[in-house]
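Engineer: Dropping the structure in here first, questions after.
Values quoted throughout were computed directly from the atomic coordinates according to the rules given, and no laboratory measurement underlies them. Computed from a predicted structure; not experimentally measured. Ideal geometry is used to build each Cβ from the backbone, glycine not excepted, and the neighbour counts take in all protein chains shown.
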Amino acid sequence: MNRLRIPRPDDWHLHLRDGDMLASVLADTVAHFGRAIIMPNILPPVLTAADAQSYRSRILAAIPAGLDFQPLMTLYLTETTDPDDVISAAASGQISAVKLYPAGATTNSGSGVRDFDRVTPVLDAMADNGIPLCVHGEVTDPDIDIFDREAVFLERILDPLRERIKGLRVVLEHVTTCEGVDYVRQGGNDLAATITTHHLFINRNHILAGGIRPHNYCLPVAKREVHRLALVAAATSGDPSFFLGTDSAPHVDAAKQSGCGCAGIFTAPITMSCLATLFESEGALEKLEGFVSRHGPAFYRLPINTETLTLVKREAPIKVPEKLKTPDGPVTIFDCGQPLYWAVETS
Ligand code: DOR
Ligand code: ZN
């Protein structure tokens with residue numbers, strides 16, 4: 001097979017930033033995706049329905065003319081989030097989910113949750129109203145090794161929370177471990193996970209072996225190869241609990257190539273080529289459609305996009321730019337380490 005036509009995909013976890021960076025990165029997502037769940041960790045964060053509405057207008061204003069794209073907004077959960085604001089924002093379609101960052105877990109997560117008991121009223125209200133909670137699933141306890149933070153989060157935080165708040169619909173974002181995959185597989189209809197492009201390609205050697213590679217550093221950090229293989233198995237299995245959330249997270253090179261570099265990998269421009277290559281090499285090209293176009297809408301209770309996207313396998317590897325130029329400086333595009341033969345047909 002050298003041609004694949006699928007319903008237009010969606011990205012269920014995306015960082016678009018704001019201002020000049022938003023204007024620079026948005027076109028790459030809009031070119032391939034119909035909708036995206038927009039992360040609220042901009043500065044200042046998206047805390048209220050009014051913030052979400054205003055950020056959404058800035059995104060819509062930055063969409064290149066003639067292209068169709070629906071940003072699905074999220075609120076950043078804090079210990080003072082007002083349950084009524086969440087419920088009314090969801091009821092009116094202003095937001096599609098709420099994002100939980102444990103305080104200090106990642107980029108701009110300082111306003112996140114420290115005491116999980118303090119967000120119980122919001123989570124109860126969300127469970128009653130079927131509003132999904134997108135979870136950055138890592139503990140922040142400095143005593144816990146960074147490679148163990150996801151597995152410990154499941155045991156200490158997420159499982160007790162889901163036991164306590166029955167019916168809460170949870171997306172375990174950017175799952176990176178065998179433990180996470182197993183937990184989601186047996187978690188029932190109220191639990192799903194997104195998988196990023198980069199975690200399907202890199203393990204921790206790609207960050208640390210033969211020199212430190214800041215452009216492969218993200219959070220949750222990539223784990224051992226056995227975990228990457230579990231992610232590939234989950235993504236290509238056809239299990240509707242797993243769907244694409246790229247976590248495409250642009251930072252300028254100066255912020256990545258630093259004594260204390262930022263976490264985040266910018267994958268939006270080449271995600272679809274990377275995924276077609278990976279699914280083909282796994283003998284699972286027919287499962288790509290479910291992963292990128294069907295499972296996400298099913299969980300979020302939205303229709304599948306009616307437009308389509310066509311992937312074409314070329315004779316020679318496609319040319320992938322190394323950087324995206326932005327007014328703030330260059331942003332390095334993810335290098336998956338393999339030649340990419342699959343191109344998105346644009347005309
Ligand atoms: O690598 C990451 N980058 N992980 C996150 O959780 C946040 C993101 C960002 O905003 O840069
Ligand atoms: Zn993210």
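Engineer: Starting from 0.36 nm per residue, how many nanometres of slack lie between SER54 and GLU345 once their C-alpha separation is accounted for?
Structural biologist: In short, 101.4 nm is gained.
Engineer: Starting from the Cα of LYS325, draw a straight line to each of the lysines and keep only those under 22 Å, dropping any in the same chain fewer than 8 residues away.
Structural biologist: Cross-link targets: LYS256.
Engineer: Along the Cα→Cβ direction, 7 angstrom out, place labels at THR308 and ASN108. What is the inter-label distance in nm?
Structural biologist: Distance between the two pseudo-spin positions: 3.7 nm.
Engineer: Please check: in the Gaussian network model of the chain (C-alpha springs, under 10 Å), which one of LEU67, LEU168, LEU309 has the largest mean-square fluctuation.
Structural biologist: In the Gaussian network model the winner is LEU67.
Engineer: Quick check for me: using +1 on Lys/Arg Cβ and -1 on Asp/Glu Cβ, what's the dipole size of the chain about its Cα centre, in debye to the nearest 20?
Structural biologist: Dipole size: approximately 820 debye.
Engineer: Under the definition of Cα pairs under 8 Å and six or more residues apart, what whole-number percent is the relative contact order of the chain?
Structural biologist: Relative contact order for the chain comes out at 19 percent.
Engineer: While we're here: How many percent of DSSP beta bridges within the range 3-344 run antiparallel, rounded to 5?
Structural biologist: 30
Engineer: Report the local net charge at VAL181: Lys and Arg +1, Asp and Glu -1, summed over other residues whose C-beta lies under 12 Å from its C-beta. Could you put the intermediate results ahead of the total?
Structural biologist: Values: positive: ARG185, LYS223, ARG228; negative: GLU150, GLU179, ASP182, ASP239.
Taking every other residue near VAL181 into account, the sum is -1.
Engineer: Separate question: Build a GNM of the chain with springs between Cα atoms under 10 Å: which of THR80, THR48, THR197 gets the top mean-square fluctuation?
Structural biologist: Looking only at THR80, THR48, THR197, the biggest GNM fluctuation is shown by THR80.
Engineer: Once the convex hull of the alpha carbons of the range 125-280 is built, what does its volume come to per residue, in cubic angstrom?
Structural biologist: In the range 125-280, the Cα hull volume divided by residue count equals 131 Å³.
Engineer: Work through the residues other than ILE212 whose Cβ is under 14 Å from its Cβ and net out their charges, Lys, Arg +1 and Asp, Glu -1. List each step's numbers first, then the result.
Structural biologist: Numbers: positive: ARG204, ARG213, LYS256; negative: none.
Summing Lys/Arg as +1 and Asp/Glu as -1 gives +3.
Engineer: What is the local net charge at HIS295, summed over the other residues whose Cβ is closer than 15 Å to its Cβ (Lys, Arg +1; Asp, Glu -1)?
Structural biologist: Details: positive: ARG8, ARG35, ARG169, ARG185, LYS287, ARG294, ARG301; negative: ASP10, ASP11, GLU173, ASP190, ASP239, GLU286, GLU289.
Around HIS295, the surrounding residues sum to 0.
Engineer: Mind checking the range 87-189 for chymotrypsin sites (Phe, Trp or Tyr not before Pro) that DSSP puts in a loop (not H, G, I, E or B) and that have at most 16 other Cβ atoms within 10 Å?
Structural biologist: Listed in order of number, the matching sites amount to none.
Engineer: What area, in nm² and to one decimal, does the C-alpha convex hull of the chain cast on average over all directions? Before the final figure, lay out the partial values.
Structural biologist: Values: hull surface 65.4 nm².
Across all orientations, the chain yields a mean hull projection of 16.3 nm².
Engineer: Further question on the same structure: Go through 333-345, 13-25, 252-264 and give me the packing order, highest mean Cβ count within 10 Å leading.
Structural biologist: 13-25, 333-345, 252-264
Engineer: Also, quick follow-up: So how much slack lies between ASP148 and LYS287, counting 0.36 nm per residue of separation and subtracting their Cα-Cα distance, in nm?
Structural biologist: Using 0.36 nm per residue and subtracting the Cα-Cα distance, I get 47.0 nm.
Engineer: Tell me which of SER57, TYR183, HIS206 sits at the most positive position along the dipole axis of the chain, charges placed on C-beta atoms (Lys, Arg +1; Asp, Glu -1).
Structural biologist: Highest projection toward the positive end goes to HIS206.
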